[in-house]
Each structure stands twice: as C-alpha cells, then as structure tokens.
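In what follows, a single structure is set out as structure tokens and then discussed.
The numbers here are math on the coordinates, done by the rules we state, and not lab data. All of these numbers come straight from a predicted model, not from anything done at the bench. Cβ placement follows ideal geometry from the backbone for every residue including glycine, while neighbour counts extend to all protein chains displayed.
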Amino acid sequence: MDWNTLFFVILPYVALALAIGVTIYRSVYRPFSISSLSSQLLERRQLFWGSISFHWGITIILTGHLVALFIPQSIVLWNAQPLRLYLLELSGIALGLWATAGLAILIWRRVTVGRIRVVSTPMDYVVLALLLVSLITGVITATVYRWGSYWFTGIFTPYIWSILTFRPDAAPLATLPLTIKLHVFNFYLLALAFAFSRLVHIIAWPLGYLLRPWQIVIGLRKARVVSQE
Amino acid sequence: MPLNSSPRAATAGLLRAAGLVVVVLTCLVVASTHADAAPAGQAGLPGETIFQQKCIACHTIGGGRLVGPDLEGATDRRDPAWLKAFIAAPDKVLASGDPLAAQLLKESNNVPMPNLGLSAQEVDAVLQYLAAQGGTAVGNTAGAAQPTPTPVTMVAQTGDAPQGMLLFTGQVALQRGGTPCIACHSVEGAGLLGGGALGPDLTQVHARYGGDQGLGAALAGLPFPSMQSIFANKQLTPAEQADLLVYFAAADQEGRTPLPRRNLLVILGVGAGLAGALFAGMAFFWPRQRMSIAQRLRKYGKL
C-alpha cells in the first residue's frame, strides 16, 4: 500500500461513488436543491466579469479533457503538425488564464460584497478554494510541463480508462511531478465535494429555457411603491 | 444543503461536512488496509528477465561500458549492501551525498541512473544474475556461470535524420502507436516553440548518452520509469530507432543551445494576451447582459 495507490486508485473510487450515489439521492429527495443558488439579484456587475469568463473557460477546458479521454486519436492527429499543437496548447492556456482571472473575481466578490457574504455557506468557500487549486495547478501543468494535450493521451487516457473499467493501474502517475499529481488529487477532492455543494448544478441543464416562450417577471411590490408616489 | 443561512443551519452544515470527512477517511483507511492484504502485483521476476528489460539499455556484462558501467564483476567490485541499496533506489543514494554514487554519475556524463522501482526480491534476483554472469556466485547453483557478453541491441547506422525529425515531432506517427517524443521532450530546432518540457531536453542527448552505442541501446529499451508505461507495448521499431538516433546525432552536432525559459515566457505571454483579448471580447459582445431586463426596459423602453 503506497500513497500512489491511495490517492489515485482508492480515492477516485470513493470520490466517484459518493459523487454519483449522493447526487442521485439528492436529486430524488431534494430535487429543488440541485442548484447553485444564484446571487445575480444581489450583485451583477462583478458577477458578469467573473462568472462568464470562469464558466466559459472551465467548460471548454473540461470538454478538452473529455475529448482527450474519449477520442484521444483526434487529439493525436490534430497535434501531428507542431503548429496545430501550439495553437491547441496556447488556446488552452489562454482559456485557463481567462477562467483563473474569472474565478479570482468571483472569490473577491464573495469575500468583499457584504450581501454575497451573508448568503455564503462554508461549502461555497471550499468549492472556490478547490477550483482555484485546480486552475492554478492546471495552468502550471500546461506551461511548465508542456505539452499536456499530447502526453495526456499517453499517460492519462489509459489511466482514467483503467479506473473506469475497474482494472485500476496508477503506475503511469507514480513518476509525474508533484504539481500534476496535485491537479489530479484535487480533481478527486472536487468529485468528493460535488454532491455536497453547489457543484451539483453542473447536472442541471436548463435546456428548456431555449424552447419555452419568453416571460417577463414583474415585481408587484415595487410597482405598488411606484404607484403610491 | 442549507437553503437559508441562519447560524443554526450553518452549524448543521458544518457538522454534516465534518461527518462526511470522517466517513471518507474511514473508507480510505479501511480500503488501504484491505489493499495491504492483497498480494503485491509483481512477485519476483527472474533476474535475467529483469536485466533484459530494465538494465540492458545502459549496461552490458562484459561488453564494455554504455551510458552506465560494464557490470561484469560488479558484485565483486562493490560492497553488496551498497549495491543493493543503489539498485533499489539510486536516486536516494545519490541524494544522500554518497561519494561513490557521485563519482559514477560523473563517469556517466551526468546521466543519473533512474529509480527502476524494483522490489527487494527483484533486486536480489538481479544481483544473483549478475553474480552468476561472472562475479562470485552468491548462492548460485546454476551452471550458467560463464561470462557471456550480453548482446546489445545495436541500431543499424541506416537512419535518416529528416525522417527522425518527422518521427520526433509526430508528423510521421510511430508505427506501434507510441506517443511522439515532442509531447514531453524538446530538441532545439524542432518546432517554433520547441518540444515538451515534462521530460528532459534532448538537444545534446547523443553526447550525454555516450554516442551511438549508448543512445542506441536507450532507444531500443526506453528503460526510463516515466516512459515505461507509455511504451510498454509500443516499442520503437528498429527503423524508427535508427532514424531517431541519426536525428539526435545531427541535432547534437549542430550545437544549438536549448532555450526552454524563452519558450515558457513566450507561451505565458501569448496565453495572457489571448486571455486579455477574451475579456475585451466580453466587453464588446456581452454588454447587454450587464443590465437586467427591467433596467433595459426602463432605459430604452424596449427589450
């Protein structure tokens, strides 16, 4: 039993089992809690700069990880020309920095805006901290230990498949630099926190909003105040 | 999750979080003790097999030195306890300031012997094999004690440097599906922003590994712990080894200086610039979202 096995074989199963199991429990018994509890009505200016950059950046990067996991050959073929490799890597780094800056704005907002601080739970801060570690270690991995898009297909694609197919083999990770290990370990912490935090809102896809008729919400109380004036 | 944020709800949330941590830790501890009980995956491979797989790229027995020393008689030359410790964890022995390890490092063009992750049993097996191959047999009863020079996989000098460069950069795929070198390694002159930086720079690898013979053996076996899982079933073909060898030799002769720091700064600079452009794009393309529908209605009289 070594640290490598504990962190990269056992922890993933514990984290993924809890993430899936508790999320199902929560969506069945606490369906209305599958939300991130929007604070847009409390503060919207900083939210715009933080939320849009963070969410678009992190979503595209996460998609990139998933593409490398599910269709690694597409990445390998794309990277076969160094210029295309650089294009992909620079895009990833730009998105990573964009998301990191956005997250920094969101953290700043949550700490400094009184109205937001009041509605914050301890778990909100935990999630922000984990995401910050994830982004910073990710950007370091992408720059200092480049070219991640390429070696991911040789190291992490087989590793993650070994976990998903219940034939775990964490040996490829044993010799990696600490920063990359921390990036992976931190992902499992995020998976652990997933079902117990606002992160569950990831499974809520508001696709209905694209199809339903528009509606305008009118605040009656305010209207009454206006009419009294 | 608490939908309101009263102190009581927050306390309850904290308690629940603490409970979760306890549950997870318990799971981890139980799981790890269970994993302890399981048999260790690789129980003793025979010494010869280990030698062929992990040592042959840098060492011969009676065939002269490659990157590392000729191991003929090594079990006689060195203190057994030292040998055992060094083979098990060369990185640790070197880090401990061991003078002999430092001297060997110098003799090996400063290429440190990697930690091969051998178990104590496997180290013993290798030592027995070495002893049987020409040192004093330690508990060896087999008759195979003749010092037969280990056949070194020599790469034919038929390589083609431009083809080697294409293999290095991945423009020509490795036949058995291995990840191209550029993913982790850099050779100055290959690619505008250089190669990867996860592994060491290979611009001068030909000289460091003692020329054709040493580097050829390394390319044949790729005995580096971080590469083994990637290339376990995807070894380089002899033709690929030859092309890469000639390419590395040519790159070394060009005598360029690797510039990893310049590449890193360029990458970070361009990345930060693009991120700034994305923020500028937000200001340009998303301005309406900063106002609520109600504000927009009040300001413009329409949506």
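What the table below lists for this structure:
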| item | result |
| --- | --- |
| Cα Rg over Rh - the stretch B:177-282, Kirkwood | 1.09 |
| Residue-wise HN-Hα coupling along the stretch B:183-195, computed from phi with Karplus coefficients 6.51, -1.76, 1.60 (Hz; x: Gly, Pro) | 4, 10, 10, 10, 10, 4, x, 9, x, 4, 9, x, x |
| Neighbour-count ranking [beta-carbon atoms within 10 angstrom, fewest first] of A:SER39, A:SER162, A:SER134 | A:SER162, A:SER39, A:SER134 |
| Inter-probe distance in nm under a simple model that places probes 7 Å from Cα toward Cβ, at B:ALA239 and A:THR63 | 3.9 |
| For the stretch A:3-211, size of Cβ-based charge dipole, Lys and Arg +1, Asp and Glu -1, in debye | 480 |
| FRET E, pair B:LEU100, B:ALA120, Förster distance 30 Å, beta-carbon r, rounded to 0.05 | 0.90 |
| GNM top mover of A:THR137, A:THR63, A:THR100 - chain A, alpha-carbon springs below 10 Å | A:THR63 |
| Unit charges at the beta carbon, dipole of the stretch A:3-211: most positive-side option, A:ASN79, A:VAL118, A:GLY92 | A:VAL118 |
| Residue order, fewest to most beta carbons within 10 Å, for B:GLU254, B:GLU107, B:GLU122 | B:GLU254, B:GLU107, B:GLU122 |
| Once the Cα gyration tensor of the stretch A:3-211 is diagonalised, semi-axes √(5λ) in Å | 29, 22, 17 |
| Rounded to the nearest 20 debye, dipole of the stretch A:93-229 from Cβ charges on Lys, Arg, Asp, Glu | 520 |
| Ratio of Rg to Rh over the stretch B:242-303 (Cα coordinates, Kirkwood Rh, two decimals) | 1.54 |
| Dipole-positive endmost among A:LEU128, A:PHE156, A:ILE180 within the stretch A:80-229 (Cβ charges, Cα centre) | A:LEU128 |
| Taking A:TYR209, A:TYR159 and counting other C-beta atoms within 10 Å, the order from fewest to most | A:TYR209, A:TYR159 |
| Charge dipole (the stretch A:3-211, unit charges on Cβ, about Cα centre) - positive-most of A:THR63, A:ALA170, A:VAL200 | A:VAL200 |
